[in-house]
Each structure stands twice: as C-alpha cells, then as structure tokens.
1. If I model the range 651-722 as equal point scatterers sitting on the Cα atoms and use the Debye formula, what is log10 I(q)/I(0) at q = 0.17, 0.18, 0.19 Å⁻¹?
2. So what's the net charge close to GLU711: Lys and Arg +1, Asp and Glu -1, counting the other residues with Cβ under 13 Å from its Cβ?
3. Using only helices, what value at 222 nm comes out for the chain when you add -39,500 (n - 2.57) per DSSP H run of length 4 or more and divide by the total residues, to the nearest 500 deg cm²/dmol?
4. Find how many whole Å separate the alpha carbon centroid of the range 446-473 from the alpha carbon centroid of the range 402-422.
5. On a C-alpha basis, how far is the centre of the range 104-133 from the centre of the range 285-313 in Å? Whole number, if you could?
6. Can you tell me, using C-alpha contacts under 8 Å and at least 6 residues apart, the relative contact order of the range 471-620 as a whole percent?
7. Just to confirm my understanding: which cysteines in the chain have no other cysteine beta carbon less than 4.7 Å from their beta carbon?
8. Take the residue pairs LYS462/LYS697; LYS197/LYS220; LYS125/LYS406; LYS462/LYS667 and return only those whose Cα atoms are more than 32 Å apart.
Amino acid sequence: MSRNPAQRAAELRAELAEHNYRYHVLDDASIPDADYDALMCELVALETEHPELQTEDSPTQRVGATASRDFAEVVHDIPMLSLNNAFDDTSAEDDAARFATIGDFVRRIENTLGLSEPEFSVEPKLDGLAISLRYENGLFVRGATRGDGAKGEDVTSNLRTVKTIPLRLRGSGWPAQLEVRGEVYMPRAAFEAYNAKARESGEKVLANPRNGAAGSLRQKDAQETAKRPLAFYAYAVYLPATPEQNLGERHSAALAQLRDWGFPVAPEASTAQGFAGLIAYYRRIGERRDHLPYDIDGVVYKLDDYAGQRTMGFVSRAPRWAIAHKFPAQEQSTELLDIEIQIGRTGAATPVARLRPVQVAGVTVSNVTLHNADQIARLDMRLGDWVIVRRAGDVIPEIVKVIPEKRPAGTQPWQFPDRCPVCDAVLVRVQKVKKQTKAGIEYEEGVALVCSGGLFCPAQRKEAIFHFAARRAMDIEGLGGEIIDDMVELPFLRDGEASRCLRSPADLYALRLDDLTELRRLGQERSGSVPETVKKGKVPTRWAENLLDAIEKSRSTTLERFLFALGIRDVGESTAKALARWFGNLDAVMAATLDELRAIPDVGPVVAGRIVAFFAETHNRDVIAALRAAGVQWPDAEPQRIAQGVLAGKTVVLTGTLEALSRDEAKEKLEALGAKVSGSVSKKTDFVVAGPGAGSKLEKAAELGLEVWDEERLLGFLAEQSS
C-alpha cells in the first residue's frame, strides 16, 4: 500500500534531520552525499507539488543542523545560505539536454535582467567545511561554522591555528567591519602525509580529507587542531555594517581585492560568459579534478555583477543568482554480497569485496580490493552490510565505511579463511619486519596472509617455475616468461586420454620433444600467427631440443642452488648457501626445527618460521620428492656448523671490474671465510673491494672513510688464507 504525500514528507524530514545531525554535529556521516541529495530532491519535489506540506522546520528551509553544545553559539549577521545543486543527465544525447538545469539557470537570469550571455564568476566547489571570518579594523576577531545557516559554532581559537587565514589584513582600504566566507579544507598531499605518520605511530587515521577538516575544526583543544594540516580558500565577502551593499561592483573584483588583503583564493577561480562558457569551465575543471591539490565535488557559478545579484534575489534557502554544478557522485552506498580470497602470483592472499553493482563517479563498481584482514576487522565488515564506496576519478575504488543502521539482524563478523581457496594449502601470517634485534622483532602495521603451497599452487605456478629456472637457481637456459605462460595455460601434456598443463617444476623433467612441439603449435594457434611452414607440417624443433638439453643439464646442481630454486619466502642466495653449509643435506634442512634454524648466524626468527612452514606443507614435500625421483641431484657434504673464519661478522662490498676473478667467484671465496657480501655501501660496511670502473659505491666509501682494497690485495689475502 502506497504512502500518502504527507506521510512521505514527514518521513523524509525526519530522515534528513537525523543525517544532518550525524554529519554536522557528530562528524559521522551515515550516508554518502549522493543519497542525501536524492532524499532532499524528493522532499523538494513533494513540497513544490503540495505547498501545504511545507513546514518551518523542514530541511528545505534550512541549511544544516543545530550548533554543537561543545562550542559557543554564533548568530550570523548575514545568513550563510547554501546553493541549489545541478546534476547532469548522463543519458542525454546533447549538451542542451544533459545540462538542462544549468540552461534554465542562465535563461532565468537573462530574462530577468534583459541580458545576453551574462558574465559569471566561476570556481571549484571545495569539499571541506564552510566558515565565516569576522574582521574588525583589520584584525581577525571571530570565526564560526555554517551551522544551520542562521546560527553556527564559535571556533575562533581553532581557526587561528590555520596558517592560511590572515590574523591581520595586509595593505589598506579595508572597511572597519569585514566578513569573509570560505572553505577550510585539508590538501591531499598533507592528508596522505598525516595518515602515514599516524599509521607509523599507531594513531587513528583520518577517513578522508573532508572529514579530516571538519573534525579538526571541532577539536576542543586548539593545540590538537594545530597539529592538523588545514588550509583555507576565500570565496565571498560581506560588509556587516551595510549588508545591503557589496565590496565593489563585481564578485571577481572582490576576490582579487581579498587576495591583496592576504586571503588565499582558489587559483582555478575565473570568469565565464553565458551557458557555453559555464559548460566549458565545468569540463575543464573536471579534466583537472584528479590532479588538483585538494578535493572538489563540483564547480560553482555566481552572477558576477552584484547589482544583478540583488535584482535576482533569493528563494527559500538559496540565491537565484548562483548554483552548484555537481560532478557525478564519488561516493555511493551498496550491499556487500560476499568477500572472496584471490591468490596472487607470489602467494599473497587478497580479500576482494563482491558488491551489488553501483555507479560511482560514472563507473560501475562491483568488486573492491580490500587491503587485508585488519582492514575488514577495523571496519567491522559483515556479509549483507551496506557500505559506502568511494572512487576519486581514475583511482581504484575503496570501501570507506559500513552503515551500521542498515545492518541485517543476525550477521556475524567475517573471518579470514585459514587455507588457500585455490590449492587448500595453509595460509601463513606474514608481517613486514620494520626492525629486528636481539630483543625482538618490530613489525610494520598490518598483517598479510600468504599461501604456503608455492611449488604446486596453480595461482603461483608461473612465478614458481620462472624462479626455479632462473640463472642463479637451476639455470635452465631458454625457459623464459613467454614459454612458461604457455606451459601453465595450455593443455599440451598428455595424461592418459586427457591433456593438461604444467602443474609444478617436477613436470619439466618429464617433457619430451613431442610435448614441446605441441606446446608451440597451441601457442601459435592462440595468437593467430601459425607460420606457413608449420601449416605444411614442417615444425622447427631446434629450440625444443636446446631447451630439453638445458633441462637435462640442470638435473646436476648444488644443494644451495636447489634450496634457492624452491622459492621459499625470504630465502635468498645467501640464506640458501648458509642452510646448505650448516646442514650438508636436504633431509636435515627439511627436518630442522625453529630452534635449530635460529642457531644459524644468518637466519633470524622470521626466516626460520618461513622455512618450517614451507617444508611442513605436504604438497611442497611431494613436489620435492618428484624432483628427486626425476633425477635432480647434488652432492651432500659434511655439516659446517661453526660460523667462524677470519672474516666472520665482516661486511664486504664488491664494485667495479675484477680481472683475475669473476664477481661470483670473489663473492664465494669471501663468504667461505665468513664474510657477508652486500650490494650497497653503508656505515656497517667493513671494507670495499674496488676494481676498474668503480663508481658511486667507491665514492660513498670515500665519503664514509671506509677501507678500500684493490684486486691485487684481495688476491694476496685469499692466497694467505689458502696456504
């Protein structure tokens, strides 16, 4: 049963009043701007069609909400009215239809004033907090928020902390009383820097620049406001002693005068002629929107001539001579349908929100990547929730807020799964290490989960095989990225009657010439570039023969190369070498406990945990067994568990060209003596070995006063140690 207009109007008034209170008083918006505008437009339409429904307390007759009790009340001498909003009809085929509201606005002024193509003052519509500044005899004496348009909040002390607001006017010629209005906002770069610092120190981050500006001005302690990176742009000026007059004859000239007196004005503020000029400005600013140093949600058009403004007058809550032309909404609300886990090529598990499709800033959004489990927990995100999605221009959309008021009954907090959705391996928690000392480990904020099935997880196959075949790993020459892509995507291997793709590095050692020629054929068919020779049955096989030879050659390797090739997270060449020397054989490495691994000088607790988790995964052990069964082998050695040597604890850097030794040979010999060979020079470097062509590393060593050896000294030192 449909509700009658009076009931609907009452519901809309109550709902808008609640949203106004949450936004203006609590600084906690419960719905995005687009939803609020839709409710307001519906109420305006109802009251226009049924004038008898209009009440004195209707939101259409007011601008905002009542002032907070935490601040003194300020009665505005001249009401701070808001502007009517104009939105584009994106389904329209031409400009006249798309910008019909703007066309009506211009024609009304032209008809009333008898003008053709009147001149307008145009400026970006900043997404911040509107304020009023009172000056007496050139000194700043009071600042207030908009509030409900008639009364606002006295935030003078907080505004004094905003460096772009002049406390004393420059120059001369200003009237005894002056009221300047504008927007306090938070620049994008300053907002990002503030949040980065807050994250580093474990403090609460700001949701977005607009909320950051509003919340900063409403701090009870002005010293807290002073810590926030706020800025101000002026956009209007009034004369309280003679409110029927204006400062000069034109708005654009008044803004120029404000600049001279020390007020910042948006550099993008300009003038435009008639309808065509307004639309050109709207498009120009729209193209620059994502590159501006501050957030905007549209542009504002004001009749530039003050005499014309007085003639046009006001209607209800807004002037007839100005209008806000809003950009497509950058925030919308929609339903959270599901949260799925995607596994990246390196094993990182990333939660992805599946949403009921919604238009945000002109783009349909149905999927939003979430950062990690911590973000989901912080927002208390649950399936079935209604969430606010934000998208600024071409920026990836993000979920910025959950709307608790619309939460279905009986929902439960979402839990991150403990196993990979692709291969069912265990997901391990990974935190980026910020600092590691004997006292413990200090982590950066946030926890990531990573699939431990690196050798067999289908989502990680390409990366795993590419790393396995790398020169410093198994050194399979000719096995590049393009071939690997085909191997893991195309069904070129016969498995009984069925065909399948490459499943793990172990499959490489079962490849035959026919398999590789089939792979080449399928790859060429997919790309649509099958050579004529192939079509005639002449398939070149030289590349396949060379690849098979390289695979065969890689069966004989070393334990340290094999360990590095496995791709264990955070196990590089140096750690792989330390493991091979310490244990001497693979079975001992696979069976090692956390304590046994931590006993190795180059292995800390984080890396030890990675190694144990990798070998604990059954499927990883199965792949290793398959590789050994395929003939991949290396010589075992006696464990070398005494981390001593003449260079134990020393850090060495190699730079320039070495003639008698290759760089790898020199590194190996130095590491055999206990040294750590680093790729960069720092205060921790003990000495630098420099050959011909040494550049910036040698220069930095000289700056730090480090010891520098030439190749002759290195060779002499190595000869002494071997004698």
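A short reminder: the numbers here are calculations on the coordinates, not readings from a lab. Source: prediction; values computed, not measured. All Cβ positions, even for glycine, are placed from backbone atoms using ideal geometry, and neighbour counts span all protein chains on display.
1. Log10 of I(q)/I(0), two decimals: -0.55, -0.62, -0.70.
2. That sum, taken over residues with Cβ under 13 Å, equals -1.
3. On the way: 26 runs with 254 residues, N = 723.
Helix contribution divided over all residues of the chain: -10000 deg cm²/dmol.
4. Result: 29 Å between the Cα centres.
5. 7
6. On the way: 128 pairs, mean separation 30.8, N = 150.
RCO, the range 471-620: 21 percent.
7. So, CYS41, CYS501.
8. On the way: LYS462/LYS697 35 Å; LYS197/LYS220 22 Å; LYS125/LYS406 30 Å; LYS462/LYS667 30 Å.
Checking Cα-Cα distances, LYS462/LYS697 exceed 32 Å.
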